[in-house]
């Protein structure tokens with residue numbers, strides 16, 4: 001039986017008790033004959049007709065596991081899992097100590113049978129709940145023991161007669177449909193005086209009760225498999241309420257360079273009672289901005305932004321991608337064949353990547369002269385496509401690969417009153433999309449691949465095309481990992497090759513104590529202090545550099561004003577020499593500051609390379625472009641780039 005909610009189906013369910021003389025035995029099972037062969041009484045329905053749904057052969061030999069279905073008392077009142085053949089059995093065995101029972105105890109267990117490879121995590125809490133609830137019912141009213149056919153066997157001889165004779169005695173509070181029986185007093189013969197008084201508002205109507213434990217088990221089995229929940233009343237005060245919830249694993253740690261993309265319409269889920277940071281970052285989750293960019297654009301704390309992203313990941317509202325750049329390299333994976341085998345994947349790809357405005361309609365490009373010229377050269381042939389509209393059927397077998405477009409002159413409301421000329425444009429077919437994916441390789445960047453396939457990509461959004469491939473695992477990103485051969489010596493000395501190596505304080509040169517752990521702890525502490533000092537030095541240097549830049553700009557402005565007031569043409573030779581000396585001093589000062597900044601950048605980059613960070617993580621942490629990072633690597637020297 002398959003479930004429609006994504007939970008693993010229950011193969012079988014059975015209820016077993018510990019018989020005082022026969023040991024552990026199965027009382028009820030669903031389906032019939034699934035655990036033990038059904039008896040003649042159990043294999044007949046209410047009208048004494050044999051049950052045709054009974055299995056001919058049990059799933060496994062119950063005798064091999066019956067000692068573990070109701071184990072020793074030390075293992076009772078705990079969730080247990082058994083494996084037999086290809087099945088997994090979950091149960092919560094209960095053992096109740098009481099003097100009225102035979103052998104002074106009563107044990108039972110409600111067991112669920114699943115496939116061994118199935119995930120039973122959503123069922124575990126409900127199985128515990130069933131065991132604890134029926135333990136309380138058995139302790140209060142002997143619900144389970146009294147429902148057995150030979151219930152007298154489970155009680156002591158001196159108490160079984162009292163239990164049967166006292167069943168008709170009035171209890172202290174007994175609620176019926178219309179009356180509340182209240183004990184007022186005792187008579188002289190020590191008998192209770194019970195008066196029936198009307199209790200207004202207590203007419204609660206007839207209550208549905210379970211007919212037997214067998215019907216209860218059968219209803220739990222069917223409701224959980226069909227509806228993933230059940231609500232079965234036992235009496236006026238108790239009911240079996242179960243519901244299966246998917247239990248997701250904790251979300252992974254996210255990084256600043258990860259790019260979240262929405263899997264659902266987030267704007268429909270927004271609530272004014274949400275966390276303020278969540279409300280801030282929500283408008284900037286567009287599949288383009290990284291987490292660091294989202295934090296900066298929304299003016300939110302980076303750590304809080306990461307926690308919000310992990311929260312959305314936990315509920316599968318977003319997914320994480322790499323930063324998309326036209327310098328990236330991609331290659332196909334072994335799952336590329338799924339694009340041809342699965343027709344739904346191809347249809348979804350065709351719908352997702354289609355963009356009648358081309359690739360650069362939704363990608364924010366910086367307004368630099370060089371990039372604007374490249375953008376204009378690439379998208380010059382798309383200026384007439386802003387009036388396009390897609391037209392195809394949503395049916396799987398009736399998809400029309402056509403686009404309907406109007407002439408640009410007719411779409412102008414202020415132009416000539418000509419009839420609209422509609423022409424058909426062919427959309428990329430599934431074979432074309434597969435060919436485009438298959439043409440990606442690790443030796444070619446996305447920009448080179450785009451230039452080679454510009455005609456086929458005319459109405460395809462390249463970013464969405466790459467995103468769909470990575471999300472479905474048919475292509476993968478090739479990351480660049482810079483590696484430096486001089487990394488160890490540079491980090492140990494605290495300098496790069498552009499600096500003179502300083503003599504480091506070595507804790508091993510001190511007298512060796514008796515305890516080697518003390519040496520290691522001292523060395524670790526010194527390394528941590530050195531790292532903190534370097535971080536503070538780097539932060540202070542950045543602040544000094546920014547402050548000096550501002551001061552230099554002010555000095556340059558003041559000097560320009562003075563030169564304008566005095567007049568450079570009428571100055572003497574001595575004044576000119578003073579001016580030249582001033583410029584030389586300021587240039588040397590700027591040069592020293594530039595060298596200091598470059599050394600700090602090299603030091604920070606070497607630290608990132610020591611932790612095996614790829615180029616996206618390095619660029620995001622240092623807030624530099626890929627070209628700027630490559631220039632720093634060239635200054636360091638002895639650099640190799642590993643593609644993986």
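None of the figures in this text is laboratory data; all of them are computed from the coordinates on show. Model, not experiment: these values are computed from the prediction. Cβ sites come from the backbone with ideal geometry, for glycine too, and all protein chains shown count toward neighbours.
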Based on the alpha-carbon gyration tensor of the stretch 217-343 and its eigenvalue square roots a ≥ b ≥ c, which shape applies: rounded if a/c is under 1.5, prolate if not and a/b is larger than b/c, or oblate? oblate
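Estimate the FRET efficiency between residue 333 and residue 219 by the formula 1/(1 + (r/R0)^6), using the beta-carbon distance for r and 45 Å for R0, to the nearest 0.05.
In this case the efficiency is close to 0.45.
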Highest average packing first - 273-280, 219-226, 259-266, Cβ atoms within 10 Å: 219-226, 259-266, 273-280
Which order do peptides 594-605, 454-465, 75-86 fall in by mean Cβ count within 10 Å, highest first? 454-465, 594-605, 75-86
So if I take the centroid of the Cα atoms in the stretch 430-462 and the same for the stretch 131-155, what is the distance between those two points in Å? 71
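Starting from the Cα gyration tensor of the stretch 259-321, take the square roots of the eigenvalues, sort them a ≥ b ≥ c, and report rounded, prolate or oblate (rounded when a/c is under 1.5, otherwise prolate if a/b is larger than b/c, else oblate). Provide the component values of the computation, followed by the final result.
Details: a/c = 1.43, a/b = 1.06, b/c = 1.34.
Because its axes are fairly even, with a/c under 1.5, the stretch 259-321 counts as rounded.
Quote to one decimal, in nm, the extra length available between residue 261 and residue 98 on full extension: 0.36 nm per residue of separation minus the C-alpha distance between them.
Details: separation 163, 0.36 × 163 = 58.68 nm, distance 5.97 nm.
Here the answer is 52.7 nm.
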Once fully extended, how much extra length lies between residue 451 and residue 315, figured as 0.36 nm per residue of separation less the alpha-carbon to alpha-carbon distance? 45.0 nm
